[in-house]
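Quick note: the coordinates plus some simple rules give every number you see, no bench work behind them. What you are looking at is a predicted structure, and each value in this text was computed from that prediction instead of being measured. Virtual Cβ from ideal backbone geometry, glycine too; neighbours counted across all protein chains shown.
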Amino acid sequence: MITLRQDIFSKDALKIADWLDDHEIIEHLNEHGETGNHIRALVKKTTLPVFNQVFNQRGAFYLICLKEESIGYVKFIPKKSGHEIVITIGKKELWGKGYGRKALKKALNEAFFILRYKKIDAKIKAQNIRSLCLFEHIGFDGTKVREDLHHLSMDIDTYLKKAA
């Protein structure tokens, strides 16, 4: 069962750092190459029991968990037109098994019903065919803004119609 968890412990932060060092994972993200090292340095130099305040600085951040084990993350970044969602399954052996779809559905429920966001945007690189298909299948609509980037969005009204 997929759940979203807000508490980020040091072992979770180190997993995220490993994911952000993996070329196959970050080629689909907009993270720079030093993010994993920054996270490791922070874990090493601090005695914080949880890292929620660090990961939530640029918006709401959740771990995607499968049976209590973190396998990825979701973050919502505030933008002028709404909130941008970033979703990552960091455990590559789970790619293509439906966990991203389940996590996206949970994240949208959280965004629209708990956080009360009105609109969710996603920027997906054109080569990330699985994510592009997933977001379109869930009901996101959009356009190709550049040859290498799609901008998709969904508002609360569309979400409610899809859920009905």
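Under the shape rule built on the C-alpha gyration tensor, where the axes satisfy a ≥ b ≥ c, segment 1-131 is rounded, since a/c falls short of 1.5.
Segment Lys92..Lys161, full-extension length gain: 21.6 nm, with 0.36 nm per residue of separation and the alpha-carbon distance subtracted.
Assuming R0 = 35 Å, what is the FRET efficiency of His151 and Thr47, from their Cβ-Cβ distance, to the nearest 0.05? Plugging the Cβ-Cβ distance into 1/(1 + (r/R0)^6) gives 0.30.
Exposed loop sites are taken as GluC sites (Glu not before Pro) in a DSSP loop (any state but H, G, I, E or B) with at most 11 other beta carbon atoms within 10 Å; the longest stretch of the chain without one runs 69-146.
Once you have the Cα-Cα distance between Leu115 and Thr35, take 0.36 nm times their residue separation minus that, and quote the gain in nm to one decimal. List each step's numbers first, then the result.
Details: separation 80, 0.36 × 80 = 28.80 nm, distance 2.66 nm.
My answer for the length gained is 26.1 nm.
Note on Glu24 and Thr3: with the Förster distance fixed at 25 Å, the Cβ-Cβ geometry gives a FRET efficiency of about 0.50. Under 5 Å between amide hydrogens, built in the peptide plane, is the criterion, and for Leu29 it picks out nothing among residues at least 5 positions away or on other chains. The C-alpha atoms of the chain define a longest principal axis, and helix 10-19 lies at about 60 degrees to it.
Applying both filters, DSSP loop and at most 13 other Cβ atoms within 10 Å, to the trypsin sites (Lys or Arg not before Pro) of segment 115-164 gives Arg116, Lys118. Only helical runs count toward this figure. For the chain, summing -39,500 (n - 2.57) over DSSP H runs of n ≥ 4 and dividing by all residues gives -9500 deg cm²/dmol at 222 nm. Subtracting the Cα-Cα distance of Asp141 and Lys79 from 0.36 nm times their residue separation leaves 20.5 nm of extension gain.
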